[in-house]
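Novice: Got a structure for you, written out below as structure tokens; questions coming shortly.
Only the coordinates and a few stated rules stand behind these numbers; no lab work does. Not measured: the values here are computed from a predicted model. When we count neighbours, we look across all protein chains shown, and the Cβ atoms used for this are built from the backbone with ideal geometry, even at glycine.
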Amino acid sequence: MDTGVDGLGVEVEGTIATLRIDRPHARGALTAAMWAALPGTLAALAADPGVSVLVLTGSGGVFSAGADIRELRGHYATAEAADAYHALNAAAERALAHFAKPTIAFVQGPCVGGGCQLAAACDLRFADTTARFGVTPAKLGIVYDAGSTARLARLVGVSTAKYLLFSAELIDAAHALRVGLVDGVFGPEEAEKSVYDLARTIASRSQLTVRAAKDLLAMDLSGAPGADPGADGDPVAAWRERWERESRGSADVREGLAAFTERRAPRFAWNG
């Protein structure tokens, strides 16, 4: 799949799509063109019925050191330019956070600034022992986006979010695991296999169950699931109405029970 921009690649193998930040020579620095391409790329992957899980990663042992500093002077030359750049960042982050299918960030090396912003927008995050994390706008005099700040605090708690934002210091993978910024840390030799094994496991489960769970859990962050609000404006009621309707029309539960009884792997068909 062609993303139409240098430094951002997509590979699809079976039911797993990999969205790759592919600028190891620039430490995975994110250009404005890359930020701008992310929503459309994610929309195309969300619409692909063959894709069940998305892995966001880097290349050459590097995830992303954040925004391309060489571009930032231009982006902050005027208030209007800064607003436009912030809008690109926010739109890309929202597109990833609201991606309907499960997302996993696989982090090696630096995961700093905008890179950490994107990793935090994924459902799950795993790292190898080379990973380093930082939220560094305080080094540049930039006010961190409100949605990004809320997302970070939800992951690591308010106190740790304050530490990361106030100090702009980097933390290693073990520290990130302790505070909940990542869900697991692996040695460099086993990390990629472990992450993709998990991705394939998730893809083998009922996507009806997975997607309904993701939709419901997103309410705490975004205020509403993907369904339109019900007549009474209750997002939980709207969620229940949507997913109960999906469940009634799906054969997944019958297949799951049959596979369990027959001691075989289920062949779930729902793909949303």
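Novice: Convert each backbone phi in the stretch 155-166 into a coupling constant with the Karplus relation 6.51 cos²θ - 1.76 cosθ + 1.60 (shift: θ = phi - 60°), then list the ³J(HN,Hα) values in order as whole Hz, x for Gly and Pro.
Specialist: 6, 10, x, 5, 5, 5, 4, 4, 4, 5, 6, 5
Novice: Within the chain, what percent of beta bridges assigned by DSSP are antiparallel, to the nearest 5?
Specialist: 30 percent
Novice: Which residue fluctuates most in the GNM of the chain (Cα springs below 10 Å): 86, 25, 175?
Specialist: 25
Novice: Using only helices, what value at 222 nm comes out for the chain when you add -39,500 (n - 2.57) per DSSP H run of length 4 or more and divide by the total residues, to the nearest 500 deg cm²/dmol?
Specialist: Calculated from helices alone, the mean residue ellipticity at 222 nm is -14500 deg cm²/dmol.
Novice: Once the other residues with Cβ under 12 Å from the Cβ of residue 268 are scored (Lys, Arg +1; Asp, Glu -1), what is the net sum?
Specialist: The answer is +2.
Novice: In a GNM of the chain with a 10 Å cut-off on Cα contacts, which of 154, 70, 132 has the highest mean-square fluctuation?
Specialist: 70
Novice: Would you look at the GNM of the chain, springs on alpha carbons closer than 10 Å, and say which of 28, 40, 61 moves the most?
Specialist: For the chain, modelled as a Gaussian network with Cα springs under 10 Å, the answer is 40.
Novice: Taking only the alpha-carbon atoms of the stretch 97-185, what semi-axes of the equivalent ellipsoid follow from 5 times the gyration tensor eigenvalues under a square root, in whole Å, largest first?
Specialist: One finds semi-axes of 18, 16, 12 Å for the stretch 97-185.
Novice: While we're looking at this one, here's another question. Is the C-alpha gyration tensor of the chain telling us rounded, prolate or oblate? Criteria: a/c under 1.5 is rounded; beyond that, a/b larger than b/c is prolate, otherwise oblate.
Specialist: prolate
Novice: Is the stretch 1-49 rounded, prolate or oblate when judged by the Cα gyration tensor, a ≥ b ≥ c being the square roots of its eigenvalues, rounded requiring a/c under 1.5 and prolate requiring a/b larger than b/c?
Specialist: Oblate is the answer for the stretch 1-49, as a/c is 1.5 or above yet b/c matches or exceeds a/b.
Novice: Could you work out how far helix 79-97 tilts from the main Cα principal axis of the chain, as a 0 to 90 degree angle to the nearest 10?
Specialist: Roughly 30 degrees between the two axes.
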